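K.L.:
What follows is a single structure, and I will ask about it in a moment.
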Amino acid sequence: MFDYLEKFNNLDPKIKEKVSNPFILGVVDSLENKYNVDLAAIIMRIMIKAIPINDLAIHLADEFSLAQEPAQKLSQELKEKVFLGVADYLGLDLSQLFVAPVQSVSAESSAIANPYDQEIEAAIRAAIVEMNLNLSPESGEKLVATTKLYWREVRSKIDTRSVLVKPTTDAGFSLSEAAADGFLKSIDTKKAAMISRKQASIKKPESGVLAKLGELAKSATRNESDYNLASLLDTKHEIKGGLDLKHEIAPVKPVVPTVPVAPAAPIAPSIPVPPVVVKAAPVVVPPVVRPVVPVKPAENKVKPRLEDIKPIRIMNPIDELRYMDLVNFRRMAKDPNDITKKIKSRIKLLEGEDYEKGLAAVTAWRQSPVNKTYLKIINNSMSQGVPIKQVITALMNQKQDYLTPEEVEAIITLNSELKF
């Protein structure tokens, strides 16, 4: 007992604190009262790795003389409620935890759970335990559902952070800014580790075709006739028939056709004729007057270049949300609240057709230039510590895209209502 205690005290304080903080100690007390056992020694032996975490149920049954079913239940509760914060340290497989909550259909989603969803939920619950977030069971389940949207990049980090720090009276979780940032950082770390682990587990299947071809090439017998090109080309069996092909054949000279030439006619002797001199009157040639034809100016036959031709974009309803700029946004209606109602109705219409289309429409709206301008205003206001109206005035003076205070308020309401 004291040997275990000494090794436990020599552990890294950060690891030891995750199973000895007041919240975990309260959970251990409730489990001890529920199963009528003393778990202190078992927990210390698990933490110093004297007992493998995967064999916990066997050791519980042997240590406390428990039946198989109670030992399995106690082992499951210890893994979920006590050792979840040190899962990486102990090598605990998170995909095997929280099977029952994941397989049950929640009020927000009716999708069938799969191992990947189970692993995501287990990682989120591990981050909740590591951050020592003192939440009720209902708030914990709600936080898991909210964080899954951020994990799957349906909700942005800024929107998720605003929900975490929002008071519980406004459907938030009342976390401090430091706790919210630490929780999101832990989620990002676990997601990156999970992606790296998935990519490392993917192995390219090896093909045995080349190996088989190599074995066949080694085992095949070769004859001298296999390399005799003349015998391979002797398709008419001319060599076997006695045709001599040892001497080269002289090249054939081309035959030039001859054209017969007709004999020349005899030339008669010429008789000299004395020249006759005739005096003619001078001939006056009148000048030729040509009509003047007006010359047309040369037409500019330069063809338009390819880069001068602008393609026409054909957009579907989701693309209209993704590429919506301030001009199209303000053309929809005069009142900003009416504009956001129309946008919400479009998204709900797509959601009615297909749930995946609804998620894609929400993602497209969050990528639109209008929403990016809204996020820019909110970020400048938070980082500079100035009111939103002052940020809008600064953007107007710099001749940059801006939203009116009424438009900002309408978009805030819209984004808070787009929950999936």
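A quick yes/no check of all residues on (1) buried (at least 19 other Cβ atoms within 10 Å of the Cβ); (2) in contact with a Cys (Cβ under 6 Å, 6 or more places away or on another chain); (3) at negative phi:
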| position | (1), (2), (3) |
| --- | --- |
| Asn337 | no, no, yes |
| Ser345 | no, no, yes |
| Glu353 | no, no, yes |
| Ala361 | yes, no, yes |
| Gln367 | no, no, yes |
| Gly385 | no, no, no |
| Gln390 | no, no, yes |
| Glu409 | no, no, yes |
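K.L.:
Taking segment 164-174 only, how many residues are touching a helix residue (DSSP H, G or I) at 6+ places or on another chain (Cβ under 6 Å) and touching a residue at least 12 places away in the same chain (Cβ under 8 Å)?
P.N.:
Total satisfying the criteria: 3.
K.L.:
Do you know which of the residues in segment 1-13 that are assigned to a helix (DSSP H, G or I), of a type outside the set (Ser, Thr, Tyr) and modelled with pLDDT under 85 is farthest from the chain's Cα centre (by Cα)?
P.N.:
Phe2
K.L.:
What pairs come out if I take residues in segment 370-392 that are farther than 16 Å from Phe329 by Cα and without any contact (Cβ under 8 Å) to a residue 24 or more places away in the chain and pair them with residues that are assigned to a helix (DSSP H, G or I) and among the aliphatic types (A, V, I, L, M) whose C-beta lies under 7 Å away, six or more apart or interchain?
P.N.:
As it stands, the answer is Asn380/Val391; Ser381/Ile388; Ser381/Val391; Ile388/Ile377; Ile388/Val408; Val391/Ile377; Ile392/Ile377, since those pairs meet every condition given.
K.L.:
Taking segment 25-55 on its own, how many of its residues are more than 20 Å from Leu11 (Cα to Cα) and either in contact with a His (Cβ under 9 Å, 6 or more places away or on another chain) or in a helix (DSSP H, G or I) (or both)?
P.N.:
11
The values are calculated or read from the model by the stated rules, or taken from the named source; none is laboratory data. All values reported here derive from a predicted model rather than from experimental measurement. A quick note on method: Cβ atoms are made from the backbone with ideal geometry, for glycine too, and the neighbour counts reach across all protein chains shown.
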